[in-house]
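These notes concern the structure reproduced below.
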Amino acid sequence: MSFSFRSLEIDGVVLVEPKVFYDERGFFMETYKMPDFAAAGITQQFIQDNHSRSTRGILRGLHYQKPPFAQGKLVRAIRGEIFDVAVDIRKGSPTHGEWVSAILSAENKNMLYIPEGFAHGFLVLSEIAEVVYKATNVYSPEAEAGIIWNDKDLNIKWPLDEPVLADRDRKWPALNEAGTGF
């Protein structure tokens, strides 16, 4: 198998560690292989790829899309390093309102699978970071939603107290005020 899959503390969120082959030319790795992912329980079909570039201290999130445009994501950093966060927003889930994080970097090449029903965000730790992710649904502006990054009830331990935010990310509601649709 080309990957190692490790379930994190919240059911459904999986850290994916690819097998990387190094030689004098550089490295080679598979970044997605449907049969391996399916064998690990990740059977959703990815239908859109996204790519962002950000500088140190930028926080993107916490974003999600409401049903029927909810998205699962497979996230990785291809340049730099990020602190990546997934928040369970599924009402009735035993881990509703809990979060998990992982450091994703070009160096460690790890990926984070985040299923539908989670808000997602990341903070750039390096000078520059480029992040790519696969999504299980297309982006829909009408379904776009979010949760404020510093929601007191979530108590996410971000490694920076005053990140740089987009205007919309400053205005999201707290989870208990958001109508998530899950």
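None of the figures in this text is laboratory data; all of them are computed from the coordinates on show. As the structure is a prediction and not an experimental result, all values here were calculated from the model. For neighbour counting, all protein chains shown are included, and Cβ atoms are generated from backbone atoms with ideal geometry for every residue, glycine included.
Observations
- Some residue of region 132-148 being of a type in the set (Val, Ile, Thr) and under 30 Å from residue 21 (Cβ atoms): yes
- Each residue in region 78-107 was checked for being part of a loop (DSSP other than H, G, I, E, B) and either among the aliphatic types (A, V, I, L, M) or closer than 15 Å to residue 124 by Cα (or both), and 4 of them qualify.
- Filtered residues of region 117-142 (kept if under 19 Å from residue 97 (Cα atoms) and either not aliphatic (A, V, I, L, M) or not in a strand (DSSP E or B) (or both)): 117, 118, 120, 121, 122
- Single unsatisfied condition, residue 92 versus (1) without any contact (Cβ under 8 Å) to a residue 40 or more places away in the chain; (2) closer than 25 Å to residue 128 by Cβ: (2)
- Hits in region 143-157 - residues which are surrounded by fewer than 16 Cβ atoms within 10 Å (Cβ to Cβ) and either without any contact (Cβ under 8 Å) to a residue 12 or more places away in the chain or part of a loop (DSSP other than H, G, I, E, B) (or both): 152, 153, 155, 157
- Per the listing 112, 59, the residue uniquely in contact with a helix residue (DSSP H, G or I) (Cβ under 8 Å, 6 or more places away or on another chain) and at negative phi is 59.
- Here residue 112 passes the criteria (1) in a strand (DSSP E or B); (2) of a type outside the set (Ser, Thr, Tyr); (3) more than 17 Å from the chain's Cα centre (by Cα) except the one numbered (3).
- Screening residue 33 against (1) within 25 Å of residue 154 (Cα to Cα); (2) charged (D, E, K, R); (3) surrounded by 12 or more Cβ atoms within 10 Å (Cβ to Cβ) leaves a single unmet condition, (1).
- Listing of strands (runs of 3 or more DSSP E) fully contained in region 19-74 that carry 1 or more residues being free of Cβ contacts under 8 Å to residues at least 40 places away in the same chain and more than 19 Å from the chain's Cα centre (by Cα): 20-23, 26-29
- Annotation note: Cβ proximity below 9 Å between a residue of region 158-182 that is part of a strand (DSSP E or B) and a residue that is of a type outside the set (Asp, Glu) (sequence gap 6+ or interchain) occurs for 164/54; 164/55; 164/56; 164/57; 164/58; 164/59; 164/124.
- When the test is whether a residue is out of contact with any Cys (no Cβ under 8 Å at 6 or more places or on another chain) and free of Cβ contacts under 8 Å to residues at least 24 places away in the same chain, residue 120 does not pass it.
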